[in-house]
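Written below as structure tokens is the structure these notes are about.
The values are calculated or read from the model by the stated rules, or taken from the named source; none is laboratory data. Remember, it's a predicted structure, so these values are computed and weren't measured experimentally. When we count neighbours, we look across all protein chains shown, and the Cβ atoms used for this are built from the backbone with ideal geometry, even at glycine. Keep in mind that these areas ignore ligands, DNA and RNA; they rest on the heavy atoms of the full protein, side chains included. Shrake-Rupley method; radii C 1.70, N 1.55, O 1.52, S 1.80 Å.
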Amino acid sequence: MRALLFLFLGLACAPAWSLTIYTEDWPPITFQRNGVADGMAVEVVREIQARIRDNAPIEVVPWARGYKELLTTPGVMLFTVGRSEAREKQMSLLGPIAVSQTVLLARKGEAAKLLALGAGIYQRPVGAYRGSIFADAASAAGFVEVDLAPTPQVTAQKLLLGRYDMWVEGGFVVASVLKDIHQPADAVELVRVLESLELYLAFSRGTSADEVKRWQDAFAAIKKDGTFKRIYNKWLPRDAAPLELKLLGVPPGPVR
């Protein structure tokens, strides 16, 4: 009898989760510190998890791997994912968790020369990281040669080494990416802002509707009670926290 009681208690205390959760190394929004996920969006996700009693680990993986899992496997949540019309047909998007500017950057001192090219600027090579919405934004803007690298850090290094003329990235991670590669924040300069980009928690097609609803309700609660704004401004003190909440894209799967 005692053995059965211990077994029951063990099962009751076991980690409970329904999702596999991935994020990427994209500081200060998401990154890994001493083997543990950290960052603004990570802190928000952990707050939601605490409220719904979800103990799923947050795995920091290369973007290409996490995005592939999101597109192919039910029960996956990836963050942060930029909203686009194409992605709304492939996944459920809950947020926004942040709003970023998609910026076009050049090496310091070269922006004016590039802008002077007029329409010719679109013939110059640009870089972005593989599978990112920033690569999509460069193509959508009309750039004909988009070089793809595995991470933002490699992209920045290739720009500074002269492999291409411009780099497309989310504005609020640029300083952190440059710091990662031991370069000063003023090593690059703004050419122009391409777009404003909402970032979301993305749930793969087939993820259960009741699971997504738990996340939606908890996210709404932390936006309403001020917790989200506090976390957001701790990491991004100069930015306004997005306080609305939307669920977009493919409807969640059957209720379990």
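Here are the numbers:
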{"read-out": "From the options ALA135, ALA119, ALA156, ALA140, residue that is without any contact (Cβ under 8 Å) to a residue 40 or more places away in the chain, within 19 Å of LEU70 (Cβ to Cβ), part of a helix (DSSP H, G or I) and not polar (S, T, N, Q)", "value": "ALA135"}
{"read-out": "Hits in the range 7-23 - residues which are modelled with pLDDT of 95 or more and either open to solvent by less than 10 Å² (accessible area, probe 1.4 Å) or hydrophobic (A, V, I, L, M, F, W, C) (or both)", "value": "LEU19, ILE21, THR23"}
{"read-out": "Filter pass, ARG51 being at pLDDT 95 or above, more than 26 Å from LEU245 (Cα to Cα), open to solvent by 40 Å² or more (accessible area, probe 1.4 Å) and over 18 Å from the mean Cα position of the chain (by Cα)", "value": "no"}
{"read-out": "Tally, over the range 184-210, of residues that are closer than 30 Å to ALA112 by Cβ and either of a type outside the set (Asp, Glu) or part of a helix (DSSP H, G or I) (or both)", "value": "12"}
{"read-out": "Only one of ARG130, ARG87, ARG107 that is charged (D, E, K, R) and within 30 Å of ARG230 (Cβ to Cβ)", "value": "ARG87"}
{"read-out": "Residue list for the range 211-256, restricted to those being assigned to a loop (DSSP other than H, G, I, E, B) and among the small types (Gly, Ala, Ser)", "value": "GLY226, ALA240, ALA241"}
{"read-out": "Subset of the range 199-220 [open to solvent by 40 Å² or more (accessible area, probe 1.4 Å) and either within 23 Å of ALA86 (Cβ to Cβ) or of a type outside the set (D, E, K, R) (or both)]", "value": "ARG205, GLN216, ALA220"}
{"read-out": "Output for the range 240-255, where each listed residue is closer than 19 Å to VAL81 by Cα, in contact (Cβ under 8 Å) with a residue 40 or more places away in the chain and open to solvent by less than 60 Å² (accessible area, probe 1.4 Å)", "value": "PRO242, LEU245, LYS246, LEU248, GLY249, VAL250, PRO252"}
{"read-out": "Single residue of GLY118, GLY131, GLY95, GLY127 found to be surrounded by fewer than 21 Cβ atoms within 10 Å (Cβ to Cβ) and modelled with pLDDT of 95 or more", "value": "GLY118"}
